[in-house]
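Student: Got a structure for you, written out below as structure tokens; questions coming shortly.
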Amino acid sequence: MGRLIAALVSGLIFGIGLALAGMLNPAKVVGFLDIFGVWDPSLALVMVGGIAVNLIGLRFVLKRPTPVLCDRFYLPTASAIDRPLIVGSLIFGIGWGLAGLCPGPVISSLTLNPEGMVPFLAVLIAGLVFGRWLAPKLA
């Protein structure tokens, strides 16, 4: 039960942060990606803020022998830059640039615009399923 509550609180904080920063507005994201037009650098500030909080928090968390709500840390082990990473990054970037939203804001936007986000979420889930099928073939 504690893990579920922690996940809900974390998601709520993340969603509120996205909303306050204006990241639920696809035009804001597209404005950041429009480096040859009217460039909006505000997304870079959101990214830097997220990285800073993560770096500081990670220093404290990893000093513990185990996480508070789990038996061990699940840290990434892969460090190779391989074909699946490159292809997946390109596809994600193209989708992000075309739609102006990535998965976090889509989930948060469900509360503000369910009619527009439910179809997007369905396609996003289909893409995840297809990607899981495609990944071994690219490796």
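The values are calculated or read from the model by the stated rules, or taken from the named source; none is laboratory data. A quick note: this is a predicted structure, and the numbers were derived from the prediction, not measured. So basically every Cβ, Gly included, is an ideal-geometry build from the backbone, and we count neighbours across all protein chains shown.
Student: It is to be established whether one or more residues within the range 51-58 are within 17 Å of GLY15 (Cα to Cα) and exposed (fewer than 11 other Cβ atoms within 10 Å of the Cβ). Let's see the steps before the verdict.
Tutor: Keep residues of the range 51-58 that are within 17 Å of GLY15 (Cα to Cα), which gives 51, 53-54.
Add one more test, that the residue is exposed (fewer than 11 other Cβ atoms within 10 Å of the Cβ), and what stays is 51.
So far as the range 51-58 goes, yes, one or more of its residues are within 17 Å of GLY15 (Cα to Cα) and exposed (fewer than 11 other Cβ atoms within 10 Å of the Cβ).
Student: Could you tell me which numbered condition SER108 fails, if it satisfies all but one of (1) under 23 Å from GLY11 (Cβ atoms); (2) without any contact (Cβ under 8 Å) to a residue 24 or more places away in the chain; (3) surrounded by 12 or more Cβ atoms within 10 Å (Cβ to Cβ)?
Tutor: Status for SER108: all satisfied but (2).
Student: Moving on to the next point. State all residues of the range 27-46 that are touching a Ser or Thr at 6+ places or on another chain (Cβ under 9 Å) and in contact (Cβ under 8 Å) with a residue 60 or more places away in the chain; if no residue qualifies, say none.
Tutor: From the range 27-46, those touching a Ser or Thr at 6+ places or on another chain (Cβ under 9 Å) are 28, 31-32; that's our starting set.
Listed by number, the list holds a single entry, LYS28.
Student: Of the conditions (1) surrounded by 10 or more Cβ atoms within 10 Å (Cβ to Cβ); (2) within 20 Å of the chain's Cα centre (by Cα); (3) β-branched (Val, Ile, Thr), VAL61 fails just one. Which one is it?
Tutor: For VAL61, the failing item is (2).
Student: Of the residues GLY93, GLY97, which single one is touching a helix residue (DSSP H, G or I) at 6+ places or on another chain (Cβ under 7 Å), among the small types (Gly, Ala, Ser) and surrounded by 11 or more Cβ atoms within 10 Å (Cβ to Cβ)?
Tutor: Numbers: GLY93 fails: touching a helix residue (DSSP H, G or I) at 6+ places or on another chain (Cβ under 7 Å).
When all the criteria are applied, what remains is GLY97.
Student: Here is a further query. Pairs under 7 Å by beta carbon, first residue surrounded by 10 or more Cβ atoms within 10 Å (Cβ to Cβ) in the range 1-17, partner modelled with pLDDT under 90 and not acidic (Asp, Glu), six or more apart or different chains?
Tutor: ARG3/LEU69; ALA6/LEU69; PHE14/GLY104; GLY15/SER108
Student: Counting only residues that are farther than 13 Å from PRO105 by Cβ and not hydrophobic (A, V, I, L, M, F, W, C), which one in the range 18-49 is surrounded by the most Cβ atoms within 10 Å (Cβ to Cβ)?
Tutor: Residue satisfying both the conditions and the ranking: GLY31.
Student: Is it true that LEU69 is at pLDDT below 90 and either touching a helix residue (DSSP H, G or I) at 6+ places or on another chain (Cβ under 9 Å) or surrounded by 11 or more Cβ atoms within 10 Å (Cβ to Cβ) (or both)? Don't jump to the end; show me each part of the working.
Tutor: Working: at pLDDT below 90: yes; either touching a helix residue (DSSP H, G or I) at 6+ places or on another chain (Cβ under 9 Å) or surrounded by 11 or more Cβ atoms within 10 Å (Cβ to Cβ) (or both): yes.
In short, yes.
Student: Residues PHE32, PHE92: which one is among the aromatic types (Phe, Trp, Tyr) and more than 26 Å from ARG132 (Cα to Cα)? Step through it out loud before you land on a result.
Tutor: On the way: PHE92 fails: more than 26 Å from ARG132 (Cα to Cα).
Just a single option satisfies the conditions, and that option is PHE32.
Student: Going by the structure shown, is ALA139 in contact (Cβ under 8 Å) with a residue 12 or more places away in the chain, surrounded by fewer than 14 Cβ atoms within 10 Å (Cβ to Cβ) and over 21 Å from ALA6 (Cα atoms)? Before you say what the answer is, go through the steps one by one.
Tutor: Details: in contact (Cβ under 8 Å) with a residue 12 or more places away in the chain: yes; surrounded by fewer than 14 Cβ atoms within 10 Å (Cβ to Cβ): yes; over 21 Å from ALA6 (Cα atoms): yes.
So ALA139 fits the description; yes.
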